[in-house]
1. Which residue out of Ser88, Ser21, Ser70, Ser53 is surrounded by fewer than 16 Cβ atoms within 10 Å (Cβ to Cβ) and out of contact with any His (no Cβ under 9 Å at 6 or more places or on another chain)?
2. Mind telling me which of the residues Lys56, Lys66, Lys89 ends up being more than 30 Å from Arg15 (Cβ to Cβ), at pLDDT 90 or above and assigned to a helix (DSSP H, G or I)?
3. Give me the pairs: first residue in segment 78-105 and in contact (Cβ under 8 Å) with a residue 60 or more places away in the chain, second residue assigned to a loop (DSSP other than H, G, I, E, B) and open to solvent by less than 100 Å² (accessible area, probe 1.4 Å), beta-carbon distance under 6 Å, and six or more apart or on different chains, which are they?
4. Just the residues that are under 12 Å from the mean Cα position of the chain (by Cα), assigned to a loop (DSSP other than H, G, I, E, B) and under 18 Å from Glu37 (Cβ atoms), please, taken from segment 71-86.
Amino acid sequence: MNIRPRINRWTQTRRDLIFDSSIKSSLIQPHFLVSGEGIDEPISSMPGISRQSVDKLLETISNDMKLGISSHMLFPVVDSQHKDSLASKASDKDMPLQNAVRRLK
């Protein structure tokens with residue numbers, strides 16, 4: 001069987017990201033998530049980007065959406081004391097990434 005995959009046509013969002021002529025639709029805003037509340041620590045090497053707790057992230061994404069930025073990529077920041085060789089914290093339901101995804105939906 002010879003099937004040619006067409007991964008770039010899966011969803012409208014993916015098509016807009018790749019083929020749309022508007023710069024806004026091709027932007028992906030990175031967000032770095034930390035544990036806690038009320039945290040908004042700027043990252044000096046990335047002007048305009050911060051390490052944020054989930055509550056601050058929701059505000060930031062809301063503002064981004066008002067500006068027309070609809071694609072966001074979330075990166076969890078795990079404290080070194082919680083890291084292990086199996087990345088077992090990644091599947092913890094109470095990690096900031098999982099909380100953020102639940103609240104964003």
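1. On the way: Ser88 fails: out of contact with any His (no Cβ under 9 Å at 6 or more places or on another chain); Ser70 fails: surrounded by fewer than 16 Cβ atoms within 10 Å (Cβ to Cβ); Ser53 fails: surrounded by fewer than 16 Cβ atoms within 10 Å (Cβ to Cβ).
Just one listed residue meets the conditions, Ser21.
2. Numbers: Lys66 fails: more than 30 Å from Arg15 (Cβ to Cβ); Lys89 fails: at pLDDT 90 or above.
After ruling out the rest, the residue left standing is Lys56.
3. Pro96/Ser35
4. Taking segment 71-86 and keeping what is under 12 Å from the mean Cα position of the chain (by Cα), we get 71-77.
Remaining after also requiring assigned to a loop (DSSP other than H, G, I, E, B): 71, 77.
Scanning segment 71-86 gives a single hit, Val77.
The values are calculated or read from the model by the stated rules, or taken from the named source; none is laboratory data. Since this is a predicted model, take the numbers as computed values, not measurements. We place every Cβ from the backbone using ideal geometry, glycine too, and count neighbours over all the protein chains shown. The protein model used for the area step is the full one, side chains on, heavy atoms only, and it has no ligands, DNA or RNA in it. Shrake-Rupley method; radii C 1.70, N 1.55, O 1.52, S 1.80 Å.
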